[in-house]
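Worksheet: the structure to be examined is printed underneath.
The values are calculated or read from the model by the stated rules, or taken from the named source; none is laboratory data. All figures in this text were calculated on a predicted structure; none of them were measured in a lab. Please note: Cβ atoms are built from the backbone with ideal geometry, for glycine as well, and neighbour counts cover all protein chains shown. Ligands, DNA and RNA are excluded from the accessible area calculation, which covers all protein heavy atoms including side chains. Shrake-Rupley method; radii C 1.70, N 1.55, O 1.52, S 1.80 Å.
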Amino acid sequence: MDSTQAWIERGRPAHVAIIMDGNGRWARSRGLPRSAGHSRGAEALRRAVRAALELGLDCLTVFAFSSENWYRPAREVDGLMGLLRHYLKGEIGELHGNGVRLRFIGARERLPADIISLIDESEARTRDNGQLTLVVALSYGGRQEFVAAARRLAAAAAAGRLDPDKIDEDQVAAALFTAGLPDPDLVIRTSGERRISNFLLWQTAYSELVFLDKFWPDFDKSDLEAAILEYQKRQRRYGVLEEAG
Ligand code: FPP
């Protein structure tokens with residue numbers, strides 16, 4: 001039995017989320033510009049999507065650009081937007097052909113107009129695909145997502161469409177960018193940092209966290225498998241005690 005079959009037998013995580021960290025340090029350690037790290041990061045993302053398809057995950061979420069990343073030097077922000085344009089235009093055919101449904105979460109109104117059109121088009125084109133949902137967190141921050149949700153719920157209450165006393169977890173979840181998506185079972189962060197960094201704050205309440213001492217551009221299928229095996233060793237109890245006996 002190969003390792004892939006072995007982990008499928010032990011129960012696969014339906015949804016894996018990844019904080020793709022360490023592009024800059026990968027480049028610096030090789031005396032290369034940061035942009036080279038981001039380009040190699042885009043290749044690692046391609047590998048991760050293929051691996052997610054091969055391993056039969058339902059959903060893969062990747063943190064591609066945070067709300068805080070807007071404060072990086074304009075040259076780097078422009079470079080990342082350029083890479084995203086290139087990635088979307090270059091990959092959409094293969095993604096669609098492989099049955100990948102694309103979804104973007106984040107404050108899309110802050111993005112350049114042509115990128116908003118590209119992501120709208122790619123979501124519309126792939127909306128009926130069911131092999132894998134690839135969620136790209138772009139201009140995304142967990143706290144900003146809460147604020148947007150609070151505004152949405154408050155507006156509904158002010159308009160008399162929502163009774164504030166009846167707001168429950170399902171309604172909050174439905175007001176988030178991730179409405180309709182399952183919570184991640186497993187969150188992976190590369191580069192050795194051990195923080196959640198404003199990523200999916202509500203949705204990761206019960207997720208297993210795996211930190212890899214490897215920069216994102218070096219990430220490959222074996223790392224995804226290793227993280228899944230680590231996830232399978234852990235017992236998820238959701239705060240509930242095991243039955244006595
Ligand atoms: C973290 O590395 C990575 C990012 C800020 C951006 C992630 C982008 C990619 C993986 C490129 C591909 C993405 C798309 C959407 C095509 P860092 O720059 O924070 O690295 P550092 O912490 O070592 O400086």
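Whenever a residue of the stretch 107-118 is more than 14 Å from residue 65 (Cβ to Cβ), it has no partner that is at pLDDT 95 or above and open to solvent by 60 Å² or more (accessible area, probe 1.4 Å) lying with C-beta atoms less than 6 angstrom away and at least six residues away or across chains. Can residue 22 be described as of a type outside the set (D, E, K, R) and either surrounded by fewer than 19 Cβ atoms within 10 Å (Cβ to Cβ) or modelled with pLDDT under 95 (or both)? No: the conditions fail for residue 22.
Against the numbered list (1) farther than 23 Å from residue 65 by Cβ; (2) out of contact with any helix residue (DSSP H, G or I) (no Cβ under 9 Å at 6 or more places or on another chain); (3) in a helix (DSSP H, G or I); (4) among the hydrophobic types (A, V, I, L, M, F, W, C), residue 241 comes up short only at (3). Name every residue in the stretch 167-181 that is open to solvent by less than 70 Å² (accessible area, probe 1.4 Å), in a loop (DSSP other than H, G, I, E, B) and under 20 Å from residue 140 (Cα atoms), in order of residue number. Within the stretch 167-181, 176, 177, 178, 179, 181 meet the criteria.
Quick one: residue 164 ticks every box in (1) open to solvent by 70 Å² or more (accessible area, probe 1.4 Å); (2) in contact (Cβ under 8 Å) with a residue 40 or more places away in the chain bar one, so which box is it? Checking residue 164 against (1) open to solvent by 70 Å² or more (accessible area, probe 1.4 Å); (2) in contact (Cβ under 8 Å) with a residue 40 or more places away in the chain, the one that fails is (2). Within the stretch 41-57, residues that are of a type in the set (Lys, Arg) have Cβ atoms under 8 Å from residues that are in a helix (DSSP H, G or I) in these pairs: 46/91; 47/221; 50/221, counting only partners at least 6 apart in sequence or on another chain. Got at least one residue in the stretch 148-160 being open to solvent by 60 Å² or more (accessible area, probe 1.4 Å), outside any helix (DSSP H, G or I), over 25 Å from residue 94 (Cα atoms) and more than 16 Å from the ligand (Cβ to nearest atom)? Yes. Of all residues in the stretch 80-111, exactly one satisfies the criterion of being among the charged types (D, E, K, R) and open to solvent by less than 30 Å² (accessible area, probe 1.4 Å), namely 91.
Look at (1) more than 12 Å from the ligand (Cβ to nearest atom); (2) out of contact with any helix residue (DSSP H, G or I) (no Cβ under 9 Å at 6 or more places or on another chain); (3) basic (Lys, Arg) and you find that residue 189 fails only one, number (1). Is it the case that some residue within the stretch 207-225 is crowded, with 19+ Cβ neighbours inside 10 Å and of a type in the set (Val, Ile, Thr)? Checked against the condition, which is being crowded, with 19+ Cβ neighbours inside 10 Å and of a type in the set (Val, Ile, Thr), the stretch 207-225 yields at least one hit. Applying a threshold of 7 Å to beta carbon distances and a minimum spacing of six or more residues, or different chains, the list of pairs starting in the stretch 12-30 at a residue that is over 18 Å from residue 189 (Cβ atoms) and ending at one that is near the ligand (Cβ under 9 Å from one of its atoms) reads 27/34; 27/37.
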